[in-house]
Amino acid sequence: MSNVHPAIQAFDPAVADALRHEEERQSEGLELIPSENYVSQPVLEAMGSIFTNKYSEGYPGKRYYGGQEFVDVVENLAINRAKELFGAEHVNVQPYSGSPANTAVYFALLNFGDTIMGLKLDHGGHITHGLPISFSGKSYKVVAYEVDEVTKRIDMEKVRALAIENKPKLIIAGFSAYSRSLDWKKFREIADEVGAILMADIAHIAGLIAGGALENPVPYCDVVTTTTHKTLRGPRGAMIMCKEKYAKAIDRAVFPGLQGGPHENMIAAKAIAFKEALDPAFKEYSKQTILNAQALSTELMNFGFDIMSGGTDNHLMLIDLTNKNVTGKQAQEALDFAGITVNKNTVPFDKRSPMDPSGIRLGTPAITTRGMKEAEMKWLARVINDVVNNWENAEKLAELKGEVKGVCSKFPVPGIN
Ligand code: DSN
């Protein structure tokens, strides 16, 4: 791995060193953060391509600068492939990332002060779904729905009651830390009942939907936003899908409403990632990602771990570590020490702070990309249990790190190994 970036090495050894160490970290350790994944070599190459040199404000065929003939090709490829993947009427592939995509939807369809309804952040929602200190929380009146205190699942009857009481203009169905399938049909019925626009934020599960492993919300929703990385395994970025009647408003909100020049290198990479997701192999990947998450959560429960809602329908799980007498921060740091990357996370109704919460969040998109299956999940649950039980024992953690490195060496990382 020592000379894989000769141009960077020759000009800027400090950056080359950091890059090399990060490559080692990514390939010698286990990546369990559910929003992370490993992109393919073609996606990596497109991101690092000379499409980055080009400015292209506007949309294909209607740009404000010359020299757009090849940029238009890749942007149209990305749009058409996304339409094919999700069955969307209209797609905008220019949002720089998930938060700008969500902001563009609000900017397009709402007036400041309108009421929006989203899942509360510490119950699994996202900051852009109405967290009081975020743009979404400061600009709109937020009514947050929660998970049930006992089942830790979203109770659609409570969502309905809240919607009837508050008449939101926009209902957001989506999450960053929730392991159960959403009832898109029921969300649609509730939105119709109260006259709300329905938006799904599928950033976490877009790849599972594209691969046919989870139900597609596009037919039920007015607007669907997603990042293009995470389970979709493309470049960092996002897109907005919507019904034709919202197309003009959404496009205007993205450009010139909120953004300037789109990042066409990232759009080229999105086009490639969508082509990969259209391949039958991606169906297998999305299915296996869920099977792995289910196997891992079952094994962890066998070790006494408290998995929120008692399992998972998707790629992630949230664990309350209170019964293990370790905090989320302590567990994250011990796992890091053993070469396993997770993120500390609040759990619903958490009494601890977000910087040192009660839980951790795990997911299987990246390890499934490496080719790991149920047998490795069984092994992994045992290692996680060993780490948590020995979180203060540096010698044991070092031993486990060696074990993790040994297993990882058998599962190459696309784009690195
Ligand atoms: N930061 C992402 C995640 O980790 O889920 C959400 O935007």
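Going through the range 241-274 one residue at a time, which ones are in contact with a Phe, Trp or Tyr (Cβ under 9 Å, 6 or more places away or on another chain), outside any helix (DSSP H, G or I) and not polar (S, T, N, Q)?
Met241, Gly260, Gly261, Pro262, His263, listed by residue number.
Report, by residue number, each residue of the range 110-148 that is surrounded by 18 or more Cβ atoms within 10 Å (Cβ to Cβ) and acidic (Asp, Glu).
Of everything in the range 110-148, those that are surrounded by 18 or more Cβ atoms within 10 Å (Cβ to Cβ) and acidic (Asp, Glu) turn out to be Asp122, Glu146.
Answer yes if at least one residue in the range 232-239 is under 20 Å from the mean Cα position of the chain (by Cα), of a type in the set (Lys, Arg) and in a loop (DSSP other than H, G, I, E, B), and no otherwise.
Yes, the range 232-239 contains a residue that is under 20 Å from the mean Cα position of the chain (by Cα), of a type in the set (Lys, Arg) and in a loop (DSSP other than H, G, I, E, B).
So if I check each of Val224, Val254, which one is closer than 26 Å to Leu291 by Cα and in contact (Cβ under 8 Å) with a residue 12 or more places away in the chain?
The unique qualifying residue is Val224.
From the list Gly174, Gly87, which residue is out of contact with any Lys or Arg (no Cβ under 9 Å at 6 or more places or on another chain), closer than 30 Å to Ala271 by Cβ, surrounded by fewer than 16 Cβ atoms within 10 Å (Cβ to Cβ) and not hydroxyl-bearing (Ser, Thr, Tyr)?
Criteria check complete, one pass: Gly87.
Just to be sure I understand, how many residues within the range 23-37 are more than 17 Å from the chain's Cα centre (by Cα) and assigned to a loop (DSSP other than H, G, I, E, B)?
Residues that pass the stated criteria total 1.
Conditions first: (1) over 30 Å from Leu318 (Cα atoms); (2) of a type in the set (A, V, I, L, M, F, W, C); (3) within 16 Å of the ligand (Cβ to nearest atom). Ala101 passes all but one, so which condition is the exception?
(1)
Assess whether Pro348 counts as being in contact with a His (Cβ under 7 Å, 6 or more places away or on another chain) and not basic (Lys, Arg).
For Pro348, the condition - in contact with a His (Cβ under 7 Å, 6 or more places away or on another chain) and not basic (Lys, Arg) - is met.
Residues in the range 127-136: is at least one within 16 Å of the ligand (Cβ to nearest atom) and over 28 Å from Gly234 (Cα atoms)?
So far as the range 127-136 goes, yes, one or more of its residues are within 16 Å of the ligand (Cβ to nearest atom) and over 28 Å from Gly234 (Cα atoms).
Please pick out the residue among Lys373, Lys329 that is in contact with a strand residue (DSSP E or B) (Cβ under 6 Å, 6 or more places away or on another chain), modelled with pLDDT of 95 or more and away from the ligand (no atom under 16 Å from the Cβ).
Answer to the check: Lys329.
Can you tell me which of (1) free of Cβ contacts under 8 Å to residues at least 60 places away in the same chain; (2) away from the ligand (no atom under 16 Å from the Cβ) is the one Val71 doesn't meet?
It fails just one condition, (1).
From Arg25, Arg81, which residue is within 18 Å of Gly415 (Cα to Cα) and either charged (D, E, K, R) or within 16 Å of the ligand (Cβ to nearest atom) (or both)?
Just one listed residue meets the conditions, Arg25.
Out of the range 154-179, which residues are within 16 Å of the ligand (Cβ to nearest atom) and over 22 Å from Tyr246 (Cα atoms)?
Phe175, Ser176, Ala177, Tyr178, Ser179
Quick check on Ala200: is it under 23 Å from Phe282 (Cα atoms), surrounded by 24 or more Cβ atoms within 10 Å (Cβ to Cβ) and touching a Cys at 6+ places or on another chain (Cβ under 9 Å)?
In short, yes.
Report the residue count in the range 332-370 for those that are in contact (Cβ under 8 Å) with a residue 40 or more places away in the chain, away from the ligand (no atom under 16 Å from the Cβ) and of a type in the set (Lys, Arg).
1
Restricting the range 113-126 to residues that are in contact (Cβ under 8 Å) with a residue 60 or more places away in the chain and more than 12 Å from the ligand (Cβ to nearest atom), which is nearest to Pro354 (Cα to Cα)?
Top of the filtered list is Asp122.
Just one of the numbered conditions (1) in contact with a Phe, Trp or Tyr (Cβ under 7 Å, 6 or more places away or on another chain); (2) surrounded by fewer than 21 Cβ atoms within 10 Å (Cβ to Cβ); (3) not acidic (Asp, Glu) is not true of Trp379; which one?
Tallying (1) in contact with a Phe, Trp or Tyr (Cβ under 7 Å, 6 or more places away or on another chain); (2) surrounded by fewer than 21 Cβ atoms within 10 Å (Cβ to Cβ); (3) not acidic (Asp, Glu), Trp379 fails exactly one: (1).
List the pairs whose first member sits in the range 284-309 and is farther than 9 Å from Met377 by Cα, whose second member is buried (at least 20 other Cβ atoms within 10 Å of the Cβ) and of a type in the set (Lys, Arg), and whose Cβ atoms are under 9 Å apart, counting only residues at least 6 apart or on separate chains?
Close Cβ pairs (under 9 Å, with a partner that is buried (at least 20 other Cβ atoms within 10 Å of the Cβ) and of a type in the set (Lys, Arg)) amount to Tyr285/Arg233; Met308/Lys152; Ser309/Lys152.
Considering only residues that are within 16 Å of the ligand (Cβ to nearest atom) and outside any strand (DSSP E or B), look in the range 216-231 and name the one that is surrounded by the most Cβ atoms within 10 Å (Cβ to Cβ).
So, considering only residues that are within 16 Å of the ligand (Cβ to nearest atom) and outside any strand (DSSP E or B), the one surrounded by the most Cβ atoms within 10 Å (Cβ to Cβ) is Thr231.
Restricting attention to the range 181-215, which residues are within 16 Å of the ligand (Cβ to nearest atom), touching a residue at least 60 places away in the same chain (Cβ under 8 Å) and assigned to a loop (DSSP other than H, G, I, E, B)?
Selection gives Ala203, His204, Ile205.
From the list Ile190, Ile154, which one is crowded, with 23+ Cβ neighbours inside 10 Å and under 25 Å from the mean Cα position of the chain (by Cα)?
Of Ile190, Ile154, the one residue that is crowded, with 23+ Cβ neighbours inside 10 Å and under 25 Å from the mean Cα position of the chain (by Cα) is Ile154.
The values are calculated or read from the model by the stated rules, or taken from the named source; none is laboratory data. Since the structure is predicted, the reported quantities are computational estimates derived from the model, not experimental observations. For neighbour counting, all protein chains shown are included, and Cβ atoms are generated from backbone atoms with ideal geometry for every residue, glycine included.
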